[in-house]
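**Q** Structure below; questions to follow.
The values are calculated or read from the model by the stated rules, or taken from the named source; none is laboratory data. Every value quoted in this text rests on a predicted model; they were computed, and no experiment measured them. As a convention, Cβ positions derive from the backbone with ideal geometry for all residues, glycine included, and neighbour counts pool all protein chains shown.
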């Protein structure tokens, strides 16, 4: 989490001196364990958000492609599919944890929207897995594939909110 | 859409490809519904027409989903038909009467805010429902 990252982005941070307690800056509050250190170099926080987004998006799109191929091959929902969904869910959970850690203290708009999107993204694949697995046709796994596309769309919106509305930097 | 491949007449509307259709309708009903509810509750005055239309769209998605799950083919067809008319009508209207849509609605600009899925969805739904009706008509009285 503390990796040194792009110098390009650090220009934005120069305005906010570390630990000076700028209004709305979550980092200022001590006693919230573990958060002071990573926010010392806030640039890495942006990096984490970015990488997590790319990982979730890659997992969602790869799963969708895989499941649609299995739809074409008329496969029923099986154990391997469940593992795929679990991996996607784990990444989404990491996304939610990151949001819980960073968003409530940050400035900006659209926080409720962000959380509703992340939580929806968490629920949709699980619901689709149950809903799809009771189908004996090819469209059982096709439904789960479609759910993965929904996740990708939702994450696109989440990413837009991270970029333009919620100001994690403070 | 695998209507050719063993579409047993006893199969319910929500099985096979219908399962995918239901998932998408439920997702849209929930997301549009929650969003519209939030907008109506907090800032209705900013764009009353947009937000009302979003709420109506959400309701129609819900009706379509429930009708398909319960096997009510007529109601499902009606809901999806209204949905198609709605998205085309509202989409056209939003290009003509800009003042009515200061904020986006689900169906404004033919659902461009939702990747045009709102425009594609009723077409897919209609094709599916009409095929099922045709298959049913052939195999059972």
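**Q** Condition check: under 13 Å from the mean Cα position of the chain (by Cα), within 21 Å of residue B:117 (Cα to Cα), within 14 Å of another protein chain (Cβ to nearest Cβ) and part of a helix (DSSP H, G or I). Does residue A:149 satisfy that?
**A** No: the conditions fail for residue A:149.
**Q** Do we have residue A:114 as touching a strand residue (DSSP E or B) at 6+ places or on another chain (Cβ under 7 Å) and part of a helix (DSSP H, G or I) here?
**A** Here the answer is yes, as residue A:114 does meet what is asked.
**Q** Same structure, new question: Which count do you get for residues in the stretch A:107-120 that are without any contact (Cβ under 8 Å) to a residue 40 or more places away in the chain, crowded, with 16+ Cβ neighbours inside 10 Å and more than 8 Å from chain B (Cβ to nearest Cβ)?
**A** Of the residues in that region, 1 qualify.
**Q** Confirm whether residue B:41 is at pLDDT 95 or above and more than 20 Å from residue A:129 (Cα to Cα).
**A** For residue B:41, the condition - at pLDDT 95 or above and more than 20 Å from residue A:129 (Cα to Cα) - is not met.
**Q** Going through the stretch B:109-124 one residue at a time, which ones are assigned to a helix (DSSP H, G or I) and farther than 10 Å from residue B:83 by Cα?
**A** Of everything in the stretch B:109-124, those that are assigned to a helix (DSSP H, G or I) and farther than 10 Å from residue B:83 by Cα turn out to be B:109, B:110, B:111, B:112, B:113, B:114, B:117, B:120, B:124.
**Q** Could you please give the count of residues in the stretch B:80-113 that are surrounded by fewer than 21 Cβ atoms within 10 Å (Cβ to Cβ) and either within 14 Å of residue B:54 (Cβ to Cβ) or without any contact (Cβ under 8 Å) to a residue 24 or more places away in the chain (or both)?
**A** Total meeting the criteria: 21.
**Q** Moving on. Of (1) closer than 17 Å to residue A:87 by Cα; (2) free of Cβ contacts under 8 Å to residues at least 40 places away in the same chain; (3) within 11 Å of chain B (Cβ to nearest Cβ), residue A:141 satisfies all except one. Which?
**A** Residue A:141 satisfies all of (1) closer than 17 Å to residue A:87 by Cα; (2) free of Cβ contacts under 8 Å to residues at least 40 places away in the same chain; (3) within 11 Å of chain B (Cβ to nearest Cβ) except (2).
**Q** Here's something else I'd like to know. Assuming residue A:104 fulfils every condition listed in (1) more than 14 Å from chain B (Cβ to nearest Cβ); (2) modelled with pLDDT of 90 or more; (3) surrounded by fewer than 16 Cβ atoms within 10 Å (Cβ to Cβ) apart from one, which condition is it?
**A** Result: residue A:104 fails condition (2) only.
**Q** Report yes if residue A:86 is within 10 Å of chain B (Cβ to nearest Cβ) and either out of contact with any helix residue (DSSP H, G or I) (no Cβ under 8 Å at 6 or more places or on another chain) or within 16 Å of residue A:57 (Cα to Cα) (or both), otherwise no.
**A** So residue A:86 fails the test.
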